[in-house]
1. Does the range 140-252 classify as rounded, prolate or oblate by the C-alpha gyration tensor (a ≥ b ≥ c root eigenvalues; a/c under 1.5 gives rounded; else a/b over b/c gives prolate, otherwise oblate)?
2. Residue by residue, what Karplus-based ³J(HN,Hα) values in Hz, rounded to whole numbers, does the range 366-371 have, using 6.51, -1.76 and 1.60 with θ = phi - 60° and x for Gly and Pro?
3. At a 1.4 Å probe, what is the % contribution of carbon and sulfur to the accessible area of the range 119-409?
4. Any chance you could look up the accessible area of TRP128 with a 1.4 Å probe, heavy atoms only, rounded to 10 Å²?
5. I want the local charge near SER389. Using Cβ-Cβ distances under 12 Å, sum +1 for each Lys or Arg and -1 for each Asp or Glu among the other residues.
6. Number of Lys-Lys pairs in the range 119-409 under 28 Å by Cα, sequence gap 8 or more or different chains?
7. Whose amide H sits under 5 Å from the amide H of VAL285, counting only residues 5 or more places off or on another chain, with H placed in the peptide plane?
8. Would you grab the residues whose amide H sits under 5 Å from the one on LEU330? Only those 5+ places off in sequence or on another chain, please, with H modelled 1.01 Å from N.
Amino acid sequence: GSKIQSTPTKAGGDRYIPNRSTMQMEMASFLLTKENDCTEESPTQKEQQKAWAMNLNGFDIEEAKILRLSGKPQNAPEGYQNNLKVLYSQKATPGSTRKNGRYIPSMPDRILDAPEIRNDYYLNLIDWSSQNFLAVGLDNSVYLWHHTTGEIIQLLQMEHPGDYISSVSWIKEGNYLAVGTSNAEVQVWDVQQEKRLRNMTSHSSRVGCLSWNSYILSSGSRTGHIHHHDVRVAEHHVATLAGHTQEVCGLKWSLNGRYLASGGNDNLVNIWPCTQGDSGDFAPVQTFTQHQGAVKALAWCPWQSNVLATGGGTSDRHIRMWNVCSGTCLSAVDTHSQVCSILWSTNYKEFISGHGFAQNQLVIWKYPTMAKVTELRGHTARVLNLTMSPDGVTVASAAADETLRLWRCFEMDPIKKKEKDKTNGAKSSIMHQGIR
């Protein structure tokens with residue numbers, strides 16, 4: 001068997017085949033004909049030709065070579081730029097690059113009417129339950145609105161004219177709603193039965209804020225006192241916290257139940273322990289005095305249990321971050337508007353603030369840089385309260401313009417959402433103690 005000769009796999013084989021695309025053939029022809037040209041040029045003409053060549057070709061024709069078979073490539077003159085290289089070696093144009101930030105709709109997802117909502121900075125009139133019911137206090141009534149079904153329930157109406165709802169707060173499990181009133185009552189309602197379970201009367205003036213810690217319901221009143229109610233027992237009033245000289249307008253238990261933060265019209269922020277001291281009396285473990293206005297906005301960081309965000313009223317306008325263990329102010333930012341409410345995002349390292357005078361806007365902030373992400377505008381009067389949906393996606397804002405606006409500002413990436421749902425599926429909190 002003779003071997004069949006095959007075509008060489010590599011182009012060119014053992015022959016040298018010049019590549020015309022790399023040759024300057026027109027320049028070579030010009031240089032060859034130039035050698036036969038016997039006319040002599042003056043130095044001025046040579047300089048002009050050199051200048052024209054540089055402008056037209058980008059190089060001096062005197063230095064051009066017909067072929068360059070070996071050695072280093074010729075360096076381009078200083079300042080010379082190949083247009084084709086620029087065109088094809090650039091990165092993607094800015095228009096086609098993917099934005100680092102997510103899309104945050106600037107318009108509300110839904111607008112609901114809130115007729116006769118009281119334009120009072122010190123009240124806390126909306127709260128969103130883990131069972132997806134939004135509770136709203138409208139003058140002398142409490143309404144429940146289900147976010148998914150759109151069902152509306154009138155839960156209660158005050159009996160005496162002139163009395164009004166001053167605060168609402170859901171228990172963690174979402175089956176009981178606490179209601180504070182202007183006639184100093186704290187009521188507990190079973191929303192499934194639509195029935196009042198308890199009516200607790202230990203305060204002497206209106207109850208503007210409420211916060212749950214398991215079976216302990218804490219309430220703050222206009223007198224400056226905070227009461228702890230144990231809803232399991234007949235003698236519900238188990239403790240009184242006296243750390244404010246004016247109305248308590250902000251009240252929040254930390255997520256782990258260790259601390260209670262309170263803010264008042266006396267510009268103070270107090271941090272209370274969950275257990276009593278040796279003498280049986282409660283005393284704040286920290287008192288922050290830096291705010292120059294009433295402190296209604298309080299929010300505990302979901303991923304740093306000892307970090308608290310606070311916001312001051314019209315004469316202060318600052319949001320401050322605190323380490324409640326060390327008592328240090330971690331950061332402060334001037335919002336240039338009255339701060340009415342703060343909520344932390346559970347989906348992002350961000351928080352949102354609601355504002356009154358003068359811009360009535362919502363602002364999303366990065367944490368810990370305190371950089372402004374975006375502003376959400378639409379309310380025509382001051383924002384009174386904010387609350388968040390149980391999935392952490394939607395923020396509801398209640399304003400003095402008698403509207404509730406729902407903003408889908410913390411939408412999650414679908415892949416991250418699945419991972420979060422799997423994690424949360426394993427966790428469930430059930431209240432074993434019954435309310436009598």
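1. It is prolate, given that a/c is not under 1.5 and a/b is the larger ratio.
2. Per residue, the Karplus-derived 3J(HN,Hα) values read 7, 10, x, 6, 6, 7 Hz.
3. 44
4. Accessible surface of TRP128 is approximately 20 Å².
5. Around SER389, the charge tally is -2.
6. 15
7. Amide H neighbours of VAL285, under 5 Å, 5+ apart: ILE271, TRP272.
8. When sequence neighbours closer than 5 places are left aside, the close amide H contacts are MET321, TRP322, ASN323.
The values are calculated or read from the model by the stated rules, or taken from the named source; none is laboratory data. Remember, it's a predicted structure, so these values are computed and weren't measured experimentally. FYI the Cβ positions are ideal-geometry reconstructions off the backbone, even for glycines, and counts take in every protein chain you see. Note: accessible area is taken over every heavy atom of the protein model, side chains too, but ligands, DNA and RNA are not part of it. Shrake-Rupley method; radii C 1.70, N 1.55, O 1.52, S 1.80 Å.
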